Amino acid sequence: MNLREVLSDLDPKMEDTFWSPELPSYEPKNYLAEIQNSKNFGLLKYLVRNGYIDENYAAYVSYFYPNSPTAQDRNFLLSITDRASLEYVYHLDQPDAVLECLEEADFFHREVRNFDLLSYLLRTKGPHLRTLLQSAATDQSAHTFFVEFWRTGRRSTRAFRFICALCQEHPEWFRIWCESKSILLEGEWRLFVLDALYFLPPERLSRINKENWLTERISDDPKFLQLDSPNVQRLIPALKALSVRFSQIDYREEDISLVREVCQENLYTLNLSMLKTAMAVIWSIPPAEVESRSYTHILRHPG
């Protein structure tokens with residue numbers, strides 16, 4: 001017997017109730033029993049046994065239970081089952097409902113990587129956040145997803161939450177990302193570190209500065225202070241907390257006010273290059289005159 005024959009044998013009097021059955025109220029303990037007692041249970045077994053419907057069937061039908069995933073959300077869930085990745089920016093209507101449908105193992109699959117889902121986990125500090133972050137330990141491509149999440153949301157609340165979560169769960173990532181040539185774009189490490197300096201309180205910066213790698217990297221970078229619209233009130237305390245000491249500073253005209261603050265806070269090593277910089281930005285002494293005027297000028301202006 002094929003499906004056409006099964007359907008043709010239906011009693012015409014039962015046709016309306018067959019196609020529009022009254023849904024049983026959803027109670028987990030009794031739901032299966034109610035389905036098994038349904039007059040349509042035999043047909044359901046036939047459809048499953050012969051492959052007309054499978055475990056993905058639920059993704060194609062509409063549900064009217066409160067807080068259930070929408071069609072948009074179910075399309076995302078289906079992509080995980082089918083191992084067919086959607087774009088990171090694919091919109092989820094109800095991330096909380098999507099999470100209810102996911103198993104812990106799903107978070108180790110690249111198909112689950114979604115900006116809305118990660119934003120929701122960061123906002124609610126859900127237990128699956130740690131699992132999602134841990135996926136990068138077994139799949140290096142996960143770093144691409146996390147970097148893109150940070151990159152497209154810089155200076156936003158979600159970036160702040162992400163930096164804080166990273167500091168808490170994987171502080172070693174800061175060094176990995178900054179030293180890798182394949183994770184961040186060239187020079188982009190400065191922006192990533194800058195967000196950390198802005199977002200993290202000074203006492204938490206020590207978590208990401210093991211073996212003083214960050215202190216040394218910033219101190220040895222002459223272009224680090226070439227920043228557009230820097231937040232000086234946050235940046236200077238962070239540099240002081242890390243004990244940064246610049247050995248050379250290459251600056252633009254628009255960087256002078258920031259460089260002046262750095263010099264006034266003595267965030268530099270005393271050498272001829274930095275002496276020229278300090279006297280130029282603080283006292284407007286031309287670099288060519290520094291060697292002849294530096295000693296007497298400093299004695300006259302000790303502050």
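What are the residue pairs meeting all of these: first residue in the range 39-55, first residue within 24 Å of D82 (Cα to Cα), second residue assigned to a loop (DSSP other than H, G, I, E, B) and at pLDDT below 70, Cβ atoms under 6 Å, and 6 or more apart or on different chains?
L47/I53
Within the range 179-193, which residues are part of a helix (DSSP H, G or I) and either in the same structural domain as I163 (by TED's automatic domain parsing) or within 16 Å of the chain's Cα centre (by Cα) (or both)?
Passing the criteria: W189, L191, F192, V193.
Would you confirm, using the coordinates I've provided, whether S180 is surrounded by fewer than 17 Cβ atoms within 10 Å (Cβ to Cβ), more than 23 Å from S247 (Cα to Cα) and of a type in the set (S, T, Y)?
On the way: surrounded by fewer than 17 Cβ atoms within 10 Å (Cβ to Cβ): yes; more than 23 Å from S247 (Cα to Cα): yes; of a type in the set (S, T, Y): yes.
Taking the combined requirement at face value, the residue satisfies it.
Which residues, taken from the range 256-303, are modelled with pLDDT of 70 or more and not in a helix (DSSP H, G or I)?
E265, N266, L267, Y268, T269, L270, N271, S284, I285, P286
Take W189 and tell me if it is among the aromatic types (F, W, Y), touching a Leu at 6+ places or on another chain (Cβ under 7 Å) and more than 20 Å from E87 (Cβ to Cβ). Walk me through how you get there before you give the answer.
Values: among the aromatic types (F, W, Y): yes; touching a Leu at 6+ places or on another chain (Cβ under 7 Å): no; more than 20 Å from E87 (Cβ to Cβ): yes.
For W189, the condition - among the aromatic types (F, W, Y), touching a Leu at 6+ places or on another chain (Cβ under 7 Å) and more than 20 Å from E87 (Cβ to Cβ) - is not met.
Could you please find all residues in the range 83-107 being part of a helix (DSSP H, G or I) and either at pLDDT below 95 or not aromatic (F, W, Y) (or both)? Lay out the reasoning, then the answer.
So in the range 83-107, the residues part of a helix (DSSP H, G or I) come out as 95-100, 104-107.
P95, D96, A97, V98, L99, E100, E104, A105, D106 - these are the residues of the range 83-107 that are part of a helix (DSSP H, G or I) and either at pLDDT below 95 or not aromatic (F, W, Y) (or both).
Of the conditions (1) assigned to a helix (DSSP H, G or I); (2) assigned by TED's automatic domain parsing to the domain that holds D93, D139 fails just one. Which one is it?
Tallying (1) assigned to a helix (DSSP H, G or I); (2) assigned by TED's automatic domain parsing to the domain that holds D93, D139 fails exactly one: (1).
Can you tell me which residue among R83, R113 is among the charged types (D, E, K, R) and farther than 18 Å from G153 by Cα?
Values: R113 fails: farther than 18 Å from G153 by Cα.
After ruling out the rest, the residue left standing is R83.
Take the residues of the range 234-250 that are touching a strand residue (DSSP E or B) at 6+ places or on another chain (Cβ under 8 Å) and either among the acidic types (D, E) or buried (at least 21 other Cβ atoms within 10 Å of the Cβ) (or both): which is nearest to N271 (Cα to Cα)? Can you show your working first?
From the range 234-250, those touching a strand residue (DSSP E or B) at 6+ places or on another chain (Cβ under 8 Å) are 245-247, 249; that's our starting set.
Within this subset, residues satisfying the condition of being either among the acidic types (D, E) or buried (at least 21 other Cβ atoms within 10 Å of the Cβ) (or both) are 246, 249.
Values: F246: 10, I249: 12 Å.
So, considering only residues that are touching a strand residue (DSSP E or B) at 6+ places or on another chain (Cβ under 8 Å) and either among the acidic types (D, E) or buried (at least 21 other Cβ atoms within 10 Å of the Cβ) (or both), the one nearest to N271 (Cα to Cα) is F246.
The values are calculated or read from the model by the stated rules, or taken from the named source; none is laboratory data. Computed from a predicted structure; not experimentally measured. Don't worry about glycine lacking a Cβ; one is built from the backbone with ideal geometry, like all the others, and counts go over all protein chains shown.
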